[in-house]
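The values are calculated or read from the model by the stated rules, or taken from the named source; none is laboratory data. What you are looking at is a predicted structure, and each value in this text was computed from that prediction instead of being measured. Neighbour counts are summed over all protein chains in view; Cβ atoms, including those assigned to glycine, are modelled from backbone coordinates with ideal geometry. To get the accessible areas, we keep the full protein, side chains included, count just its heavy atoms, and leave off ligands, DNA and RNA. Shrake-Rupley method; radii C 1.70, N 1.55, O 1.52, S 1.80 Å.
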Amino acid sequence: EERFRELVGMLPEAVFETDQNFILTYVNQRALEITGYTQEDIENGMSGIDILVPEHRERAKENIALRIRGINPGTVEYLALKKDGSPFPILFHANTIFDNGKLKGIRGIIVDITERVEAEEKIAKLSRAVEQSPSVIAITDLDGIFEYINPKFTKLTGYTSEEIIGKSTRILNSGKQGNEFYSSFWETISSGKDWHGEFNNMKKNGELFWEKAT
């Protein structure tokens, strides 16, 4: 028991255990760190359900009921509450504890996913900014094969994502600028430098247009 308690105490995830009424009977040091609660708070009889935000408590009870019936809902995301009342996102995974067929409690792991959620939100914001940009934005691989275009690209050229992704940038080539021009372009960006210039490209309908590009 001493060996396992020491190992659990070293884990980077929060580990907890409750009785059959879901009152916390054990938490490791990491659980105290991410929630702000003290060992005294736990010993005074805290409910594991009440650590969640009110709107997630009923769903947690339903998932626990599934586990009691032998159905594993898997790892679930909830919003938990720190001692100061601030919410934070968690991944919750637990197993039921039975003794001679009688429920004795639950035991599980909680992972604080605040950094992951914040990173996803940042990516979503950047994605929206690119999607809504009034400028044409395109991404290609090192061979000049399109991997991404924003809606402004479609509006300007007439090509949709389905038509352009996987195709070479040569699809826009109007033939008005020679090989030397494009060789200089690729040589510049392949060396890691920024290229600034103007393209005389061709739209899907064959219309020529000029664009200033970086």
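Structure summary
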{"quantity": "Odd one out for Glu120 among (1) open to solvent by less than 70 Å² (accessible area, probe 1.4 Å); (2) without any contact (Cβ under 8 Å) to a residue 60 or more places away in the chain", "calculated": "(1)"}
{"quantity": "Only one of Glu40, Glu6, Glu33 that is open to solvent by 60 Å² or more (accessible area, probe 1.4 Å), closer than 15 Å to Gly85 by Cα and in a helix (DSSP H, G or I)", "calculated": "Glu33"}
{"quantity": "Within segment 51-69, considering residues that are among the charged types (D, E, K, R) and not in a loop (DSSP other than H, G, I, E, B), the one modelled with the lowest pLDDT", "calculated": "Arg67"}
{"quantity": "Count of segment 16-30 residues which are in contact with a Phe, Trp or Tyr (Cβ under 6 Å, 6 or more places away or on another chain) and open to solvent by 40 Å² or more (accessible area, probe 1.4 Å)", "calculated": "1"}
{"quantity": "Count of residues meeting criterion [part of a strand (DSSP E or B) and open to solvent by less than 60 Å² (accessible area, probe 1.4 Å)] in segment 123-141", "calculated": "2"}
{"quantity": "Selection within segment 54-105 - farther than 22 Å from Thr25 by Cβ, in contact (Cβ under 8 Å) with a residue 24 or more places away in the chain and surrounded by 15 or more Cβ atoms within 10 Å (Cβ to Cβ)", "calculated": "Phe88, Pro89"}
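Let's see how each residue does on (1) without any contact (Cβ under 8 Å) to a residue 40 or more places away in the chain; (2) open to solvent by less than 70 Å² (accessible area, probe 1.4 Å):
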position: Asp143; (1), (2): yes, no
position: Tyr148; (1), (2): yes, yes
position: Lys155; (1), (2): yes, no
position: Glu163; (1), (2): no, yes
position: Ser174; (1), (2): yes, yes
